[in-house]
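Step one of this worksheet: look at the structure below.
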Amino acid sequence: MKYEQLTAEQALLKGKELPFVFARCLSKVKFGTNTEQLEPEEILEARFFDSSQEIRLFRRQGQLEAACLTQEPTDDCLEEEYEIANQELFGQSFTISKYLKEDDDGQTIVEATRLTGWKGGK
């Protein structure tokens, strides 16, 4: 997995290009298609994603910080799909990829997770 630090401005610009969003804001929660502009001062956490990339925005000590996680061809991943309980508001299901690696003892561990998919309403 490739990890890249971004500024909040870069993350918001690049995030517009990705089809899905999970955002916790002061006034709402959004999980689904990426169709509306998020106001930076409202964001507590936001994740813009598709099947190969996730852009994360998060608050640390009151400031927005950002990072981009991109899947690479050599990554070992385990993909899992989860059904959403409140499907009327947030869609049917979402998918995550768990990035696997070996620790010092040779055991497989989850190094990171990333949102990779979302399915809408019925």
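Every read-out reported here was derived from the displayed coordinates using simple, explicitly stated rules and does not represent laboratory data. None of the values given here were measured: they were computed from a predicted structure. Note that we place each Cβ from the backbone using ideal geometry, even for glycine, and neighbour counts take in every protein chain shown.
May I ask you to list the residues of region 1-35 whose amide nitrogen lies under 15 Å from a point 7 Å from Cα along the Cα→beta-carbon direction of Asp76? Only 1 pass the distance filter. Quick one: if you stick a label point 7 Å off each Cα along the C-beta vector at Ala112 and Thr35, how many nm between them? Using points 7 Å along Cα→Cβ, the separation is 3.0 nm.
Highest mean first, the peptides 43-55, 70-82 sorted by other C-beta atoms within 10 Å per residue fall in the order 43-55, 70-82. Annotation: lysines with alpha-carbon distance below 29 angstrom to Lys2 (same-chain offsets under eight excluded): Lys14, Lys16, Lys30, Lys98, Lys101, Lys119. Which one of Ile109, Gly32, Thr95 has its Cα pushed farthest toward the positive end of the charge dipole of the chain, where Lys and Arg give +1 and Asp and Glu give -1 at the Cβ? Projecting each Cα onto the dipole axis, the largest value belongs to Gly32. Computed per residue of the chain from DSSP H runs no shorter than four, each worth -39500 (n - 2.57), the mean residue ellipticity at 222 nm is -2000 deg cm²/dmol. Restricting the calculation to Cα atoms, the chain shows an Rg/Rh of 0.99 when the hydrodynamic-style radius is the Kirkwood one.
Annotation: amide H of Ile84 within the under-5 Å range of Ser93, Phe94, sequence separation 5 or more or interchain, hydrogens built in the peptide plane.
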